[in-house]
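Heads up, the thing below is written out as structure tokens.
Every read-out reported here was derived from the displayed coordinates using simple, explicitly stated rules and does not represent laboratory data. Small disclaimer: the values here were computed from a predicted structure and weren't measured. Every residue, glycine among them, receives a Cβ derived from its backbone with ideal geometry; neighbour counts consider all protein chains shown.
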Amino acid sequence: MDPTFVLSQRGRSAVGRGIRQRWSSGQDAARALRAGDAGVVVGCLPFDTRQPAALFEPESWDPDAAALPGPGTSATGVPTVRSWNEEPEPHEHVARVARAVELARSGALDKVVLARVLRLDLAEPGDPLELLRRFVADDREGNGYLVRLPTDSALPGGHMIGSSPEVLVRREGLEVSTHPLAGTAARRPEDRNLDREAALALQTSHKDLDEHRYVVDAIEAVLRPLCAELDVPPLPTLAHTERIWHLGTTIRGVLADPTHTALDLAAALHPTPAVCGSPRLAALRHILDTESPRGYYAGAVGWCDASGDGHWRVLLRGGHLAEDGLSLTAHAGGGIVAESDPKAELAETRLKFTPVLTALGVQDLLETVPAPPRPRG
Ligand SMILES: C=C(O[C@H]1C=CC=C(C(=O)O)[C@@H]1O)C(=O)O
């Protein structure tokens, strides 16, 4: 039986097969866990919490399964991209970012994350598991997720598949940790010095440190009252994927009350300013007024067991494979603050589409406009 849920990292995978029961609300799923009516809850939470969640208890569950087998050789099982379109068009994204910069400069909000959509039409149905294997193989930490979506929801069925670098929350016993990311630069893997320079510029960029701080502050505000101990480093460090540098902060804590499950914590933290903004409500309103609905993109993907332990990641760097497998819809966004440069933000969304494009074997699809250099300072 093919998996209905996978969360893989560092050569291990949490794998669910089959579907025993479903929930469209995080609260209902959390209640079922507490009541002992479910042994584990897996799936994803939408970006807009008024939309239905895609949570379920699998029929079989292995939280510590071996790594997935690697992808098939070369193009085996990889569908051909027949056509693609972007929404909004690049010039409109630049205009949207410029408007958000004005809002940030006027004080109407401090930060807002704006995203774009890339719709890829496939000539043959994509195989969800093979696509997942390709995401995992391309990620240096072997990160990957796959969620089978319900067909009877207000959101479309099919699969969410991708490889997220960002931990929303992990809980093991009383220990909680999170690793928010915000602040981004393109890596230069072809040249070690340029790569290092890009990393240093990111680490000293006021704009990126500012963008990052909103996320850490919001997470601290949620976790501090729930924790007996909480360690929040004053400055972020560098994190990286194959092609991207990020600013990241590892926050660790000890829960004061063991009844807060990983699912409760994920729901309390989501949406962080890594995907929404600050203040949260002003940013959320701006996103809902500006973009078409995000669905599960920028939501959360993960699992929580009956002991309350679990692992949730921010649902990024992937896409929605339609029920018929014939289209993949990907999103990519970036945090906008008063100092953001609209053209650099467009380039950043292109960069963040690369895991999806690589999984489909079309890395160069969007490389029609070169990325502008990121200003220092
Ligand atoms: C919103 C996305 O990335 C977030 C995570 C890391 C860095 C981000 C940034 O620098 O803007 C974003 O907050 C995305 O990949 O679509």
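Once you have the Kirkwood Rh of the range 180-339 from its Cα pairs, apply Stokes-Einstein at 10 °C and 1.306 mPa s and quote D in µm²/s. Before the final figure, lay out each step's value.
On the way: Rh = 17.4 Å.
It diffuses with D of about 91 µm²/s by this estimate.
Under the Karplus relation 6.51 cos²θ - 1.76 cosθ + 1.60, θ = phi - 60°, what is the ordered set of whole-Hz ³J(HN,Hα) values for the range 79-89, x standing for Gly and Pro?
Whole-Hz 3J(HN,Hα) from phi for the range 79-89: x, 7, 7, 7, 7, 8, 8, 10, 9, x, 4.
Would you kindly compute the Cα radius of gyration of the range 91-155 and its largest Cα-Cα separation (Dmax), both in Å?
When restricted to the Cα atoms of the range 91-155, Rg and Dmax are 18.3, 48 Å.
Going Cα to Cα from K352, which aspartates and glutamates come in below 14 Å? Please leave out same-chain ones fewer than 8 positions away.
Cα-Cα hits under 14 Å: E86, D138, D139, E166, E242, D364, E367.
Grab the other residues whose beta carbon is less than 15 angstrom from that of P46, score K and R as +1, D and E as -1, and report the net. Write down the numbers at each step before the final one.
Working: positive: R22, R50, R294, R313; negative: D28, D48, E291.
Charge balance near P46 sits at +1.
Normalising by the residue count of the chain, find the relative contact order in percent from Cα pairs under 8 Å and 6+ residues apart. Numbers along the way, then the final one.
On the way: 890 pairs, mean separation 91.0, N = 377.
Reported as a whole number, the value is 24 percent.
Stick to the Cα atoms of the chain, pair each with every other, and give me the Kirkwood hydrodynamic radius in Å at one decimal. Numbers along the way, then the final one.
Details: mean 1/r = 0.0483 Å⁻¹.
One over the average 1/r among Cα pairs gives 20.7 Å for the chain.
Using the alpha-carbon centroid of each, what span in Å lies between the range 161-179 and the range 217-291?
10 Å
What's the exposure ranking of R213, R280, going from fewest to most Cβ atoms within 10 Å? List each step's numbers first, then the result.
Working: R213 22, R280 15.
Ascending number of Cβ neighbours within 10 Å: R280, R213.
Less than 17 Å apart at the alpha-carbon level, and either on another chain or at least 8 residues along: which lysines does that give for K207?
Hits, sequence-local ones excluded: K111, K343.
Counting helices only, and only those DSSP H runs with n ≥ 4, report the 222 nm mean residue ellipticity of the chain as the sum of -39,500 (n - 2.57) divided by its residues, in deg cm²/dmol to the nearest 500. Mind showing how you got there, number by number?
On the way: 9 runs with 104 residues, N = 377.
Calculated at 222 nm, the ellipticity per residue is -8500 deg cm²/dmol.
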